[in-house]
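Heads up, the thing below is written out as structure tokens.
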Amino acid sequence: MRIDIISIFPEYFAPLGVSLIGKARERGILDVHLHQLRDWTHDVHRTVDDTPYGGGPGMVMKPDPWGEAVDEVLAADPQARPRIVVPTPSGVPFTQRLAMEYAAEPWLLFTPARYEGIDSRVMAEYGSRLRVDEVSIGDYVLAGGEAAVLVMVEAVGRLLPGVLGNAHSAVDDSFAPGAMENLLEGPVYTKPPEWRGHRVPEILLSGHHGRIARWRRDEALRRTARNRPELLAALDPERLDKHDRAV
Ligand SMILES: Nc1nc2cc(Br)ccc2s1
């Protein structure tokens, strides 16, 4: 997978050089290209923003630098078309399902904005011929889209074949389609069996895999009911058996 990121703070993406994503890049599973938006400005101050038409607070990112930058990125592979992802609090929710959809894309272009956002004509221009997604990572406002891109690249990158070791499969993730879809993960434990007077639940030491699976599902149901009751309410009743309903 190729990922391009255009930003006025490309240095923000240094974390993509470490850990899981860094190793995926070293192994050629992920090919990340960072671009400094100001390289497509033509004034001495390398200006990327201006006052909003119609008045109002803050500044808006000018269309010209973005248009020239996106055009140049697209020219890197004229036969291919990247899916453009615009981080914004006003977008569709970024979910595990969307992360899986992105992980199947050969090429993503992220356009994190600053200020009040990018002049809306930019994505109107590309939306006529490319998939342009406005995506939110949550109901809060950041100072810019860069942190949102880090979140999405990590969520997508870890799903790419070969990135997660055999020890863990993304299939077991919370929110991944399957038996535990849309349930939060329950508690986890490792050695020692007792730590500061806290014992690991005996069921997990029992070796009874069926009972352990049942206990884990019960704990997932309890945690989901406690922390995200709306997820439980949204579950298809067909997916809850008699025992689930009694938890
Ligand atoms: N939650 C989010 N906040 C922001 C702020 C800016 Br400015 C750009 C993108 C995003 S995504």
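Coordinate-derived values only; no laboratory data. Computed from a predicted model, the values in this text were never measured in an experiment. We place every Cβ from the backbone using ideal geometry, glycine too, and count neighbours over all the protein chains shown.
Peptides 88-97, 218-227: what's the order by average Cβ count within 10 Å, highest mean first?
Details: 88-97: 15.0, 218-227: 16.8.
Packing order, densest peptide first, comes out as 218-227, 88-97.
Take the Cβ-Cβ distance between Arg239 and Val188 as r, set R0 to 25 Å, and report the resulting FRET efficiency rounded to the nearest 0.05.
Working: r = 23 Å, r/R0 = 0.91.
Approximately 0.65, to the nearest 0.05.
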Exercise. Please report, in debye to the nearest 20, how large the charge dipole of the chain is about its Cα centre when each Lys and Arg carries +1 at its beta carbon and each Asp and Glu carries -1 there.
Key: 1280 debye
Practice problem: Take every DSSP beta bridge whose two residues both sit in the chain, then give the antiparallel share in percent to the nearest 5. | Solution: 20 percent
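At a Förster radius of 22 Å, what calculated FRET efficiency corresponds to the Cβ-Cβ distance of Gln36 and Asp64, to the nearest 0.05?
Working: r = 15 Å, r/R0 = 0.69.
Efficiency at R0 = 22 Å is approximately 0.90.
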Practice problem: Could you work out the relative contact order of the chain, using alpha carbon pairs under 8 angstrom and six or more residues apart, expressed as a whole percent? | Solution: 18 percent
Self-check item: Euclidean distance of C-alpha centroids, the range 3-27 and the range 120-169, integer Å
Solution: 13 Å
Quiz item: For q = 0.26, 0.29 Å⁻¹, what log10 I(q)/I(0) does the range 102-144 give under the Debye formula with an equal point scatterer on each alpha carbon and no solvent?
Solution: -1.14, -1.22
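Rounded to a whole number, what is D in µm²/s for the chain from Stokes-Einstein with the Kirkwood radius over alpha-carbon pairs (10 °C, 1.306 mPa s)? It would help to have the intermediate numbers written out before the result.
Details: Rh = 20.9 Å.
For the chosen part, D equals 76 µm²/s.
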